[in-house]
Amino acid sequence: MKKVATAYVLTCTLLIISIWCGVAIGSVHIPIEVLWNQSVDETAANIFWKIRLPRVLLAGLVGASLAIAGAAFQGLLKNPLADPYTLGISSGASVGAVMTIFFSISMPVVGLYALPTFSMIGAIITMVIVMSFARVVDRSLKMETLILTGVIFSSFLGSLISLMIALSGEELRQVIGWLLGSVSMRGWPYVQMIIPFVIVGSLMLWTQRRELNVLLYGEERAKHLGVNVKRSKYLILVGGSMLTGAAVAVSGTIGFVGLVVPHMTRMIWGSDHRHLLPLSFFNGATLLIICDLVARIIILPRELPIGVITAFIGAPVFSYIFYKQRRGKGVRA
(Lines give C-alpha, C1' and ligand atoms only; values in the text may rest on other atoms or scores of the structure.)
Protein backbone atom coordinates (compact mmCIF):
# COMPACT_ATOMS: atom_id res chain seq x y z
CA MET A 1 0.00 0.00 0.00
CA LYS A 2 2.88 2.33 0.79
CA LYS A 3 4.40 1.68 -2.65
CA VAL A 4 1.10 2.54 -4.34
CA ALA A 5 0.76 5.78 -2.37
CA THR A 6 4.35 6.70 -3.26
CA ALA A 7 3.63 6.03 -6.93
CA TYR A 8 0.65 8.38 -6.99
CA VAL A 9 2.42 11.11 -5.01
CA LEU A 10 5.49 11.05 -7.27
CA THR A 11 3.42 10.85 -10.44
CA CYS A 12 1.15 13.75 -9.51
CA THR A 13 4.11 15.83 -8.32
CA LEU A 14 5.92 15.32 -11.64
CA LEU A 15 2.74 16.24 -13.51
CA ILE A 16 2.29 19.49 -11.56
CA ILE A 17 5.95 20.42 -12.10
CA SER A 18 5.71 19.67 -15.83
CA ILE A 19 2.55 21.78 -16.15
CA TRP A 20 4.21 24.76 -14.51
CA CYS A 21 7.38 24.38 -16.58
CA GLY A 22 5.23 24.14 -19.69
CA VAL A 23 3.40 27.40 -19.01
CA ALA A 24 6.34 29.34 -17.54
CA ILE A 25 9.23 28.51 -19.88
CA GLY A 26 9.48 29.84 -23.42
CA SER A 27 10.40 32.88 -25.45
CA VAL A 28 8.48 34.92 -22.85
CA HIS A 29 8.98 34.02 -19.18
CA ILE A 30 5.76 33.85 -17.18
CA PRO A 31 6.13 34.97 -13.53
CA ILE A 32 4.16 32.93 -11.01
CA GLU A 33 2.46 36.10 -9.72
CA VAL A 34 0.18 36.24 -12.79
CA LEU A 35 -1.80 33.37 -11.29
CA TRP A 36 -3.36 35.68 -8.72
CA ASN A 37 -2.51 39.18 -10.03
CA GLN A 38 -2.70 39.75 -13.78
CA SER A 39 -1.77 43.42 -13.42
CA VAL A 40 1.81 42.40 -12.55
CA ASP A 41 2.46 41.81 -16.26
CA GLU A 42 -0.60 42.01 -18.49
CA THR A 43 1.23 40.76 -21.58
CA ALA A 44 2.53 37.71 -19.72
CA ALA A 45 -0.94 37.14 -18.24
CA ASN A 46 -2.54 37.13 -21.71
CA ILE A 47 0.09 34.71 -23.00
CA PHE A 48 -0.47 32.49 -19.96
CA TRP A 49 -4.28 32.30 -20.12
CA LYS A 50 -4.84 32.43 -23.89
CA ILE A 51 -1.84 30.55 -25.34
CA ARG A 52 0.33 28.62 -22.88
CA LEU A 53 -2.27 27.14 -20.50
CA PRO A 54 -4.63 25.72 -23.18
CA ARG A 55 -1.62 24.39 -25.08
CA VAL A 56 -0.20 22.63 -22.01
CA LEU A 57 -3.60 21.23 -21.00
CA LEU A 58 -4.19 19.96 -24.54
CA ALA A 59 -0.76 18.30 -24.63
CA GLY A 60 -1.50 16.69 -21.27
CA LEU A 61 -4.90 15.38 -22.37
CA VAL A 62 -3.50 13.98 -25.63
CA GLY A 63 -0.60 12.28 -23.84
CA ALA A 64 -2.89 10.88 -21.16
CA SER A 65 -5.33 9.53 -23.78
CA LEU A 66 -2.64 7.77 -25.82
CA ALA A 67 -0.93 6.35 -22.72
CA ILE A 68 -4.01 4.85 -21.08
CA ALA A 69 -5.17 3.47 -24.46
CA GLY A 70 -1.73 1.89 -24.94
CA ALA A 71 -1.82 0.36 -21.45
CA ALA A 72 -5.24 -1.17 -22.15
CA PHE A 73 -4.23 -2.55 -25.55
CA GLN A 74 -1.05 -4.04 -24.09
CA GLY A 75 -3.04 -5.73 -21.35
CA LEU A 76 -5.67 -7.03 -23.75
CA LEU A 77 -3.12 -8.40 -26.24
CA LYS A 78 -0.66 -9.45 -23.51
CA ASN A 79 2.27 -7.77 -25.22
CA PRO A 80 4.12 -4.49 -24.48
CA LEU A 81 4.67 -3.81 -28.19
CA ALA A 82 0.98 -3.01 -28.70
CA ASP A 83 -0.06 0.63 -28.88
CA PRO A 84 -2.35 2.78 -31.07
CA TYR A 85 0.56 3.78 -33.31
CA THR A 86 2.10 0.36 -33.98
CA LEU A 87 -1.33 -1.24 -34.53
CA GLY A 88 -2.25 1.32 -37.19
CA ILE A 89 -5.12 2.79 -35.16
CA SER A 90 -3.58 6.28 -35.21
CA SER A 91 -3.43 6.11 -39.02
CA GLY A 92 -7.10 5.15 -39.16
CA ALA A 93 -7.96 8.06 -36.90
CA SER A 94 -5.91 10.37 -39.14
CA VAL A 95 -7.85 9.22 -42.22
CA GLY A 96 -11.13 9.91 -40.43
CA ALA A 97 -9.96 13.41 -39.46
CA VAL A 98 -8.54 14.28 -42.89
CA MET A 99 -11.69 13.01 -44.65
CA THR A 100 -13.76 15.26 -42.40
CA ILE A 101 -11.67 18.24 -43.50
CA PHE A 102 -11.40 17.17 -47.16
CA PHE A 103 -15.13 16.66 -47.66
CA SER A 104 -16.08 19.52 -45.30
CA ILE A 105 -18.23 17.12 -43.28
CA SER A 106 -20.34 18.75 -40.60
CA MET A 107 -22.99 17.38 -38.29
CA PRO A 108 -25.54 19.85 -36.85
CA VAL A 109 -26.18 17.59 -33.87
CA VAL A 110 -22.55 17.23 -32.74
CA GLY A 111 -21.27 20.58 -34.07
CA LEU A 112 -17.75 21.13 -32.73
CA TYR A 113 -17.32 17.40 -32.12
CA ALA A 114 -17.63 16.29 -35.77
CA LEU A 115 -13.84 16.09 -36.24
CA PRO A 116 -13.09 13.87 -33.20
CA THR A 117 -16.24 11.81 -33.87
CA PHE A 118 -15.18 10.84 -37.40
CA SER A 119 -11.60 10.41 -36.25
CA MET A 120 -12.83 8.00 -33.57
CA ILE A 121 -14.93 6.11 -36.14
CA GLY A 122 -11.84 5.78 -38.35
CA ALA A 123 -9.85 4.44 -35.40
CA ILE A 124 -12.49 1.85 -34.47
CA ILE A 125 -12.95 0.62 -38.06
CA THR A 126 -9.18 0.29 -38.49
CA MET A 127 -8.83 -1.64 -35.23
CA VAL A 128 -11.56 -4.09 -36.27
CA ILE A 129 -10.02 -4.61 -39.73
CA VAL A 130 -6.47 -5.07 -38.38
CA MET A 131 -7.60 -7.58 -35.74
CA SER A 132 -9.80 -9.48 -38.22
CA PHE A 133 -7.15 -9.67 -40.94
CA ALA A 134 -4.44 -10.71 -38.46
CA ARG A 135 -6.70 -13.48 -37.12
CA VAL A 136 -7.33 -14.78 -40.66
CA VAL A 137 -3.58 -14.87 -41.33
CA ASP A 138 -2.64 -16.34 -37.95
CA ARG A 139 -5.38 -17.71 -35.69
CA SER A 140 -3.02 -17.62 -32.69
CA LEU A 141 -2.83 -13.82 -33.23
CA LYS A 142 0.89 -13.52 -32.54
CA MET A 143 2.15 -10.02 -31.86
CA GLU A 144 4.48 -10.07 -34.86
CA THR A 145 1.46 -10.73 -37.10
CA LEU A 146 -0.51 -7.90 -35.51
CA ILE A 147 2.32 -5.40 -35.87
CA LEU A 148 3.00 -6.39 -39.48
CA THR A 149 -0.71 -6.07 -40.22
CA GLY A 150 -0.70 -2.66 -38.55
CA VAL A 151 2.26 -1.57 -40.69
CA ILE A 152 0.53 -2.77 -43.87
CA PHE A 153 -2.68 -0.90 -43.13
CA SER A 154 -0.79 2.18 -41.94
CA SER A 155 0.98 2.31 -45.31
CA PHE A 156 -2.30 1.95 -47.17
CA LEU A 157 -4.05 4.58 -45.07
CA GLY A 158 -1.05 6.89 -45.45
CA SER A 159 -1.46 6.65 -49.23
CA LEU A 160 -5.14 7.61 -48.88
CA ILE A 161 -4.13 10.70 -46.91
CA SER A 162 -1.51 11.59 -49.53
CA LEU A 163 -4.13 11.19 -52.26
CA MET A 164 -6.54 13.55 -50.52
CA ILE A 165 -3.78 16.10 -50.01
CA ALA A 166 -2.77 15.85 -53.67
CA LEU A 167 -6.36 16.31 -54.86
CA SER A 168 -7.04 19.24 -52.55
CA GLY A 169 -6.27 22.91 -52.83
CA GLU A 170 -3.55 24.68 -50.94
CA GLU A 171 -5.59 24.78 -47.73
CA LEU A 172 -5.30 21.03 -47.08
CA ARG A 173 -1.55 21.03 -47.59
CA GLN A 174 -1.36 22.45 -44.08
CA VAL A 175 -2.58 19.03 -42.94
CA ILE A 176 0.92 17.69 -43.58
CA GLY A 177 2.25 19.73 -40.67
CA TRP A 178 -0.73 18.70 -38.55
CA LEU A 179 -0.13 15.01 -39.27
CA LEU A 180 3.41 15.31 -37.87
CA GLY A 181 1.82 16.06 -34.51
CA SER A 182 1.47 19.42 -32.83
CA VAL A 183 -0.59 21.21 -30.19
CA SER A 184 0.58 24.65 -31.29
CA MET A 185 -2.01 27.45 -31.59
CA ARG A 186 -4.95 25.17 -30.84
CA GLY A 187 -6.54 27.17 -28.02
CA TRP A 188 -9.42 26.47 -25.67
CA PRO A 189 -11.86 25.16 -28.34
CA TYR A 190 -9.63 22.12 -28.90
CA VAL A 191 -9.42 21.48 -25.15
CA GLN A 192 -13.20 21.63 -25.06
CA MET A 193 -13.33 19.28 -28.07
CA ILE A 194 -11.26 16.48 -26.53
CA ILE A 195 -12.44 16.54 -22.91
CA PRO A 196 -15.75 14.59 -23.32
CA PHE A 197 -13.99 11.81 -25.26
CA VAL A 198 -11.19 11.60 -22.68
CA ILE A 199 -13.71 11.28 -19.84
CA VAL A 200 -15.92 8.67 -21.54
CA GLY A 201 -13.04 6.63 -23.03
CA SER A 202 -11.04 6.61 -19.79
CA LEU A 203 -14.08 5.54 -17.77
CA MET A 204 -14.75 2.70 -20.23
CA LEU A 205 -11.19 1.42 -19.74
CA TRP A 206 -11.30 2.01 -15.97
CA THR A 207 -14.38 -0.21 -15.63
CA GLN A 208 -12.34 -3.04 -17.20
CA ARG A 209 -9.31 -2.77 -14.89
CA ARG A 210 -10.04 -6.03 -13.05
CA GLU A 211 -10.98 -7.83 -16.26
CA LEU A 212 -7.64 -6.78 -17.79
CA ASN A 213 -5.83 -8.33 -14.82
CA VAL A 214 -7.67 -11.62 -15.32
CA LEU A 215 -7.18 -11.58 -19.11
CA LEU A 216 -3.42 -11.64 -18.57
CA TYR A 217 -3.86 -15.33 -17.65
CA GLY A 218 -5.66 -16.16 -20.91
CA GLU A 219 -9.20 -15.99 -22.24
CA GLU A 220 -10.20 -19.51 -21.19
CA ARG A 221 -9.22 -18.95 -17.57
CA ALA A 222 -10.93 -15.56 -17.62
CA LYS A 223 -14.16 -17.22 -18.79
CA HIS A 224 -13.93 -19.78 -15.97
CA LEU A 225 -13.52 -16.91 -13.50
CA GLY A 226 -16.72 -15.29 -14.71
CA VAL A 227 -15.38 -12.62 -17.08
CA ASN A 228 -17.52 -11.81 -20.09
CA VAL A 229 -14.54 -11.84 -22.44
CA LYS A 230 -16.41 -10.68 -25.54
CA ARG A 231 -17.97 -7.73 -23.74
CA SER A 232 -14.65 -6.76 -22.12
CA LYS A 233 -12.83 -6.87 -25.45
CA TYR A 234 -15.50 -4.70 -27.03
CA LEU A 235 -15.35 -2.09 -24.27
CA ILE A 236 -11.53 -1.99 -24.28
CA LEU A 237 -11.26 -1.71 -28.06
CA VAL A 238 -13.97 0.95 -28.32
CA GLY A 239 -12.67 2.92 -25.34
CA GLY A 240 -9.06 2.82 -26.57
CA SER A 241 -10.07 3.73 -30.12
CA MET A 242 -12.22 6.59 -28.84
CA LEU A 243 -9.27 8.03 -26.93
CA THR A 244 -6.94 7.57 -29.89
CA GLY A 245 -9.37 9.14 -32.33
CA ALA A 246 -9.95 12.18 -30.15
CA ALA A 247 -6.22 12.65 -29.55
CA VAL A 248 -5.38 12.41 -33.25
CA ALA A 249 -8.22 14.79 -34.16
CA VAL A 250 -6.83 17.63 -32.05
CA SER A 251 -3.08 17.05 -32.36
CA GLY A 252 -2.31 14.90 -35.40
CA THR A 253 -0.39 11.64 -35.31
CA ILE A 254 1.92 11.40 -32.29
CA GLY A 255 3.62 8.05 -32.09
CA PHE A 256 5.08 5.87 -29.33
CA VAL A 257 3.49 7.60 -26.30
CA GLY A 258 1.14 4.64 -25.89
CA LEU A 259 4.13 2.30 -26.14
CA VAL A 260 6.74 3.97 -23.93
CA VAL A 261 4.64 5.23 -21.01
CA PRO A 262 2.76 2.01 -20.08
CA HIS A 263 5.94 -0.05 -20.47
CA MET A 264 7.99 2.21 -18.19
CA THR A 265 5.14 2.53 -15.70
CA ARG A 266 4.78 -1.26 -15.60
CA MET A 267 8.52 -1.75 -15.08
CA ILE A 268 8.59 0.64 -12.11
CA TRP A 269 5.21 0.18 -10.41
CA GLY A 270 3.96 -3.24 -11.54
CA SER A 271 1.31 -4.61 -13.91
CA ASP A 272 -1.82 -4.34 -11.75
CA HIS A 273 -4.21 -2.49 -14.07
CA ARG A 274 -6.07 -0.99 -11.12
CA HIS A 275 -3.05 1.29 -10.77
CA LEU A 276 -1.33 0.87 -14.15
CA LEU A 277 -4.18 2.61 -16.00
CA PRO A 278 -4.36 5.80 -13.87
CA LEU A 279 -0.57 6.00 -13.45
CA SER A 280 -0.11 5.66 -17.22
CA PHE A 281 -2.73 8.38 -17.68
CA PHE A 282 -0.81 10.84 -15.49
CA ASN A 283 2.61 9.83 -16.80
CA GLY A 284 1.43 10.15 -20.40
CA ALA A 285 0.29 13.70 -19.68
CA THR A 286 3.66 14.51 -18.08
CA LEU A 287 5.68 13.05 -20.95
CA LEU A 288 3.84 14.89 -23.72
CA ILE A 289 3.90 18.21 -21.85
CA ILE A 290 7.67 17.87 -21.50
CA CYS A 291 8.05 16.80 -25.15
CA ASP A 292 5.99 19.81 -26.25
CA LEU A 293 8.17 22.10 -24.13
CA VAL A 294 11.31 20.66 -25.74
CA ALA A 295 9.75 21.02 -29.20
CA ARG A 296 9.05 24.70 -28.46
CA ILE A 297 12.44 25.76 -27.11
CA ILE A 298 15.06 23.47 -28.69
CA ILE A 299 15.41 25.54 -31.89
CA LEU A 300 13.93 28.92 -30.92
CA PRO A 301 12.33 30.89 -32.51
CA ARG A 302 11.10 27.92 -34.60
CA GLU A 303 9.24 24.87 -33.33
CA LEU A 304 9.64 21.19 -34.02
CA PRO A 305 6.59 18.94 -34.48
CA ILE A 306 5.99 17.15 -31.21
CA GLY A 307 5.85 13.83 -33.07
CA VAL A 308 9.54 14.21 -33.90
CA ILE A 309 10.46 14.36 -30.20
CA THR A 310 8.30 11.36 -29.24
CA ALA A 311 9.76 9.35 -32.13
CA PHE A 312 13.31 10.05 -30.91
CA ILE A 313 12.30 8.64 -27.53
CA GLY A 314 9.97 5.88 -28.69
CA ALA A 315 11.95 4.26 -31.50
CA PRO A 316 14.88 3.16 -29.28
CA VAL A 317 12.48 1.92 -26.58
CA PHE A 318 10.48 -0.01 -29.20
CA SER A 319 13.72 -1.56 -30.50
CA TYR A 320 14.79 -2.51 -26.97
CA ILE A 321 11.48 -4.19 -26.12
CA PHE A 322 11.42 -6.05 -29.43
CA TYR A 323 15.03 -7.20 -28.93
CA LYS A 324 14.29 -8.47 -25.41
CA GLN A 325 11.23 -10.34 -26.66
CA ARG A 326 13.04 -11.99 -29.52
CA ARG A 327 15.89 -12.97 -27.19
CA GLY A 328 13.30 -14.59 -24.91
CA LYS A 329 14.22 -12.68 -21.78
CA GLY A 330 10.68 -12.18 -20.64
CA VAL A 331 9.49 -8.66 -21.28
CA ARG A 332 5.78 -9.26 -20.80
CA ALA A 333 2.69 -7.21 -20.31
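Brief remarks follow.
- Rough spin-label spacing in nm, given labels placed 7 Å along Cα→Cβ, for residue 28 and residue 50: 0.8
- Rg(Cα)/(2.2 N^0.38 Å) for the chain, N = residue count: 0.99
- Global form of the range 1-142, assessed from the alpha-carbon gyration tensor, a/c cut-off 1.5: oblate
- The label point for residue 155 and the one for residue 136, both projected 7 Å from the Cα toward the Cβ, are 1.8 nm apart.
- Net charge contributed by nearby residues that have their C-beta within less than 12 Å of residue 230 (K/R +1, D/E -1): +1
- Alpha-carbon centroid distance for the pair the range 68-121 / the range 24-51, whole angstrom: 34
- Prolate/oblate/rounded label for the range 140-299 (Cα gyration tensor, a/c 1.5): prolate
- Only protein atoms count toward the accessible area here, which uses a 1.4 Å probe; on the range 1-75, the carbon and sulfur part of that area reaches 70 percent.
- Longest site-free stretch - the chain; sites: chymotrypsin sites (Phe, Trp or Tyr not before Pro), DSSP loop, at most 10 other Cβ within 10 Å: 104-333
- Length gained when the stretch residue 233-residue 168 is fully extended (0.36 nm per residue, less Cα-Cα span): 19.6 nm
- Per residue, the range 234-333 exposes 41 Å² of accessible surface when a 1.4 Å probe is rolled over the protein heavy atoms with every protein chain present.
- Helix-derived mean residue ellipticity, 222 nm - over the chain, DSSP H n ≥ 4, -39500 (n - 2.57), to 500: -23500 deg cm²/dmol
The values are calculated or read from the model by the stated rules, or taken from the named source; none is laboratory data. Note that the structure is a prediction, hence the values are computed from the model and not measured. Note: ideal-geometry Cβ built from the backbone for every residue, glycine included; neighbour counts use all protein chains shown. Surface accessibility is based on the protein's heavy atoms, side chains included, excluding ligands, DNA and RNA. Shrake-Rupley method; radii C 1.70, N 1.55, O 1.52, S 1.80 Å.
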